[in-house]
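Trainee: Below you will find the structure I want to go over with you.
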Amino acid sequence: MRPEWSAQPTGLVERRLAVLRHIDAETHAAVCRALPELDREVDRAALVDLVAQVAAEAPDAARALASRLIHLSDALADPMALRKWALHGLQRHREDAKARHQFFEGHDPLAFADHRTEDDSAHLLARRGALSHYLAGFGFAAHRIDLLEPQATALPAPALVISNESIRFPRRTAEVPVAQRGAWQRAALAHAAAHLQHSPLGRPAGNRQPMLLAMMALVEDARVERLMVRVHPGLHGLWSLFHTATRETAGFDYAGLAARLARALHDPEYADSNPWVQKGRSAFEHAAATNLHDLAEFDSLARLLAIDMEKMRQKLPLFYRPQPAYRDDNTLLWNFNAALPEDETRTIVREDFELRPDEKTPPDLRPVEVDTRRRTRYPEWDHQLQALRPDWVTVIEPASRPVRDAAARAMRQPRVQLRGLARTPDRAVRRTRQAEGDELDLNAAVDNLIQLRAGIAPDGRVFQRHGRRRRSTAVVLLMDLSESTKRYVPGSFTPVLEVEKRAATLVAESLDIALDRIAVHGFSSNGRHEVHYERIKEFDEAFDAEPRRRMAGLESGLSTRMGAALRHAAEALSRETTDHKLILLLTDGEPSDVDVFDDEHLVEDARHAVAWATGQGVRSFCVTLDRHADGYVRRIFGARNYLIANRADAFAGHAGQTLVRLVAH
Amino acid sequence: MDPRSHPYLIEREPYYRAAGNEVALFTAAHARSLPMMLKGPTGCGKTRFVEHMAWRLKRPLITLACNEDMTASDLVGRYLLDAQGTVWHDGPLTLAVRLGAICYLDEVVEMRQDSAVVIHPLTDDRRMLPLDKHGELVKAHPDFRLVVSYNPGYQSAAKDMKASTRQRFGGIDFDFLPVDAEVEVVSHESGVGPELATRLVRIAAQSRALRGRGLDEGISTRMLVHAGAMIAEGIAPHDACALAMTTPLTDDHELQAALAGFVEAQFGPRP
């Protein structure tokens, strides 16, 4: 792959600026004003490309970004972080133009520049599956494990946030040593499980002071952990790893004393000379000895501790977070009676609340048109970042025919077993009484001897062996339906689409339906939010009048976002139980789309999609009509996995032969 | 009693902790000579139950582990050769029919459906076994009983019993014991104290919550007994749990990590 800025050809910046002017003149003007001001080191071509990409989706956001470029000199020094940041903004606020505008206007790109943050986030995401199993073991199988929104590194790292649907980790865990990150994640989840099991959730906060709320939460943390340790004694040791506060390290301010009290309530071995900590400990132990479930007792002891704190003139710090590091921000304990948007659930406890006036307007009961088209989101590979952009592309399918999702899910369970059964040679196919074979057919041998003794000429076929079964294949024939398929094939009077249809029909008719399953799908795209996907013939459908009618009705239009279509086709194949799975792509040109200006991007994404599909056990093959396809098709599909048909009449034949060859493998 | 049945008699009482009234149910079905089907997850005590009942009813027990290569002649018998010519050899089923033993077919669904049909004449009111190759009709000994077991959890859709086979049986559903009873079993069988046994059982309980998340079965009572016995012999709890429980259970790294987390939640971070 050619890194574009290492050998930046002169004029690349100008070319990209021209593209940008075409998209949005105002952004273009702002960028042109900013460019001369920027540092010499800044990679201008990549920057313009990024702005163009934002502009293609959200012109107002691009204008906001372009106008603050000169103030972003720190962020511009790290183009990767800037790119991650911009893509995150486009993705996170894909449906909310206002929030998107605010993001590009004010959010700090440096949130993505910190390597520890990126490393910690990646560490957590890589373990998300294991952690969600771990949480399920405590009985909370439905909770999602996610990351909090990125924030500028200048602020202290937030605490874990627990809600009824999800548990969201901070992206940065600077205070936890790298080697302990795994233990920290488990400790946090076990603590979350303790709250979810034993805490009363969403108690009205009323007019309690923030200090009191924080103290009640501290006592509650200790109480639920006590209860949890009764059933899971090992958790005590796990949590102990993080209770490190001492007189020397934590200090005498509010946060320090609170951390020391938390440790004193957790660890009976820990000795603390502070009278407040000692008082808290003895009061807690007294209450705990009577009844750990008596909330009122613990509330009143928290109140006393808070009053003492006030007397000591200690204040709750602005960015207070409960200690030690694995504990959450305890917002799930309280109901502040204010409906905040999901992103801002991390409220600082000192906020006052206000009652919203009742909404008097009657609800709008007019019928609304419901969009019943099925949408699936797929990631897309960004070759500049060398990373997947999660949920970047939306594949849309018409809702005309319901696909049996429930049935497909029900089939998941035995699939693993069936795969084992389906391997050839197949022992279930038993060929007895053979003239030669691997083992003796005992019944035939005995018969033979009996015949011999009886003086009859024996049969002689006394062997058996197990038979073989030809492997079955499921094929998705993927037709490119983009605008370019309207063109005539060079040297003929047939449009490309017509040739594709002929090939698809030939292939669909020629496969042996007893063994192989074939589906014919088509795709075209209009930007990343609209990849249209058409199921012309389903696996379970006969290739009769209805699919033929659908095939005849296909029309060319829009662009070619190949990667998303390949991923969707591979997903469709993942529900199949055949031995081999295959995508055969019929196309006439390289991938392109209206919102992508980097020529490499979609080619690299398609290459990644093919590699991913191979990892899922799906092979991909391409038959193309583009004579100049050599360069990119080889890159996408690999050296032996494509065929360039240079004549229209040969295309269908090539496709058919290719398929026969692949299926026979 | 036929001297041939002596090797199949169980002399000492196998330990069995009843979960409910299954002993009474089985005894009643035995008195009605109803064939029995025992369902339940692996390692929850089905085989031990059959052994215990054979001991209690003082009947010989002939056990057969079924597999998909098993044919009807593996069950009923076949002709074999010796110096004089061909000799008929009874299969285990025929032997049990003649001796009046309990014939126990373990994992019966692993057997091919068409092979399983040979038990049909034995399991209705005819109670006889035709040996067509031998030209003999064996009338079942009045004490002959048939017991089959299988695990409905992980069998594939392709493997199941025919409806006509199923309907000949009475059934008892087994599951893992409630916590207290399982602690009792693990403690008795492995020799660890009840406190340690409780921790092991709690790990198993957490692992069973992962069923359907990529795990076919949670940690079984049998695994707990193995782990407990190793701890009783002085192996460190983390190592014993890894060896006897988490490592054999699954190859999936994420599930392994979660299981290790459950061990940690009982025994603390690995020192």
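Trainee: Counting only residues that are surrounded by fewer than 20 Cβ atoms within 10 Å (Cβ to Cβ) and β-branched (Val, Ile, Thr), which one in segment A:144-182 is nearest to the other protein chains (Cβ to nearest Cβ)?
Mentor: A:VAL178
Trainee: Residue check, A:HIS236 against (1) under 32 Å from the mean Cα position of the chain (by Cα); (2) within 14 Å of chain B (Cβ to nearest Cβ); (3) part of a helix (DSSP H, G or I), all met but one. Which one?
Mentor: (1)
Trainee: Go through segment A:120-143 residue by residue and tally those that are in contact with a helix residue (DSSP H, G or I) (Cβ under 8 Å, 6 or more places away or on another chain) and more than 9 Å from chain B (Cβ to nearest Cβ).
Mentor: Selection size over segment A:120-143: 5.
Trainee: Additional query: B:SER33 fails exactly one of the following numbered conditions: (1) part of a loop (DSSP other than H, G, I, E, B); (2) of a type outside the set (A, V, I, L, M); (3) at negative phi. What is the number of that condition?
Mentor: It is condition (3) that B:SER33 fails.
Trainee: For A:ASP598, work out the one condition from (1) touching a Leu at 6+ places or on another chain (Cβ under 7 Å); (2) over 23 Å from A:LEU659 (Cα atoms) it doesn't fulfil.
Mentor: Answer for A:ASP598: the failing condition is (1).
Trainee: What is the residue count in segment B:151-191 for residues that are modelled with pLDDT under 90 and either assigned to a helix (DSSP H, G or I) or β-branched (Val, Ile, Thr) (or both)?
Mentor: Result for segment B:151-191: 4.
Residues are listed down the side, and each one gets a yes or a no for (1) surrounded by fewer than 21 Cβ atoms within 10 Å (Cβ to Cβ); (2) within 13 Å of chain A (Cβ to nearest Cβ):
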residue: B:LEU57; (1), (2): yes, no
residue: B:ALA65; (1), (2): yes, no
residue: B:ASP74; (1), (2): yes, yes
residue: B:LEU81; (1), (2): yes, yes
residue: B:LEU93; (1), (2): no, no
residue: B:ARG98; (1), (2): yes, no
residue: B:GLU107; (1), (2): yes, no
residue: B:ALA116; (1), (2): no, no
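Trainee: Next up: Among all residue pairs at least 6 apart or on different chains, which show Cβ distances below 7 Å where the first residue, located in segment B:252-265, is more than 12 Å from B:ALA204 (Cα to Cα) and more than 7 Å from chain A (Cβ to nearest Cβ) and the second is surrounded by 19 or more Cβ atoms within 10 Å (Cβ to Cβ) and of a type in the set (Val, Ile, Thr)?
Mentor: Hits for this filter: B:GLN256/B:THR246.
Trainee: Mind listing whichever residues of segment A:242-262 are of a type outside the set (Phe, Trp, Tyr), assigned to a loop (DSSP other than H, G, I, E, B) and buried (at least 18 other Cβ atoms within 10 Å of the Cβ)?
Mentor: Taking segment A:242-262 and keeping what is of a type outside the set (Phe, Trp, Tyr), we get A:243-251, A:253, A:255-262.
Checking which are assigned to a loop (DSSP other than H, G, I, E, B) leaves us with A:243-246, A:251, A:253.
Once the filter is applied, which keeps residues that are of a type outside the set (Phe, Trp, Tyr), assigned to a loop (DSSP other than H, G, I, E, B) and buried (at least 18 other Cβ atoms within 10 Å of the Cβ), segment A:242-262 yields A:HIS243, A:ALA245.
Trainee: Something else about it: Just name the residue that is nearest to A:VAL229 (Cα to Cα) out of those in segment B:192-226 that are touching a strand residue (DSSP E or B) at 6+ places or on another chain (Cβ under 9 Å) and in a loop (DSSP other than H, G, I, E, B).
Mentor: Restricting to residues being touching a strand residue (DSSP E or B) at 6+ places or on another chain (Cβ under 9 Å) and in a loop (DSSP other than H, G, I, E, B), the top hit is B:GLY218.
Trainee: Taking segment A:241-283 as the region of interest, how many residues are over 26 Å from A:VAL176 (Cβ atoms) and at pLDDT 85 or above?
Mentor: 6
Trainee: Tell me whether segment A:265-277 contains one or more residues that are buried (at least 20 other Cβ atoms within 10 Å of the Cβ), free of Cβ contacts under 8 Å to residues at least 24 places away in the same chain and out of contact with any Pro (no Cβ under 9 Å at 6 or more places or on another chain).
Mentor: Yes, the conditions are met somewhere in segment A:265-277.
Residue-wise test of (1) surrounded by fewer than 16 Cβ atoms within 10 Å (Cβ to Cβ); (2) touching a Leu at 6+ places or on another chain (Cβ under 7 Å); (3) over 22 Å from A:TRP381 (Cα atoms).
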{"site": "A:LEU72", "(1), (2), (3)": "no, no, yes"}
{"site": "A:ALA77", "(1), (2), (3)": "yes, no, yes"}
{"site": "A:LEU90", "(1), (2), (3)": "no, no, no"}
{"site": "A:ALA97", "(1), (2), (3)": "yes, no, yes"}
{"site": "A:GLU105", "(1), (2), (3)": "yes, no, yes"}
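Trainee: Okay, next question. Just to verify a result, which residue in segment A:587-646, among those that are within 14 Å of A:ALA565 (Cα to Cα) and among the β-branched types (Val, Ile, Thr), is nearest to the chain's Cα centre (by Cα)?
Mentor: Looking at residues that are within 14 Å of A:ALA565 (Cα to Cα) and among the β-branched types (Val, Ile, Thr), I get A:VAL610.
Trainee: Is it true that A:LEU212 is within 28 Å of A:HIS143 (Cα to Cα) and not aromatic (Phe, Trp, Tyr)?
Mentor: No.
The values are calculated or read from the model by the stated rules, or taken from the named source; none is laboratory data. Only a predicted model underlies this, so the values are computations on that prediction, with no experimental measurement involved. Here Cβ is always computed from backbone atoms with ideal geometry, including for glycine, and neighbour counts include all displayed protein chains.
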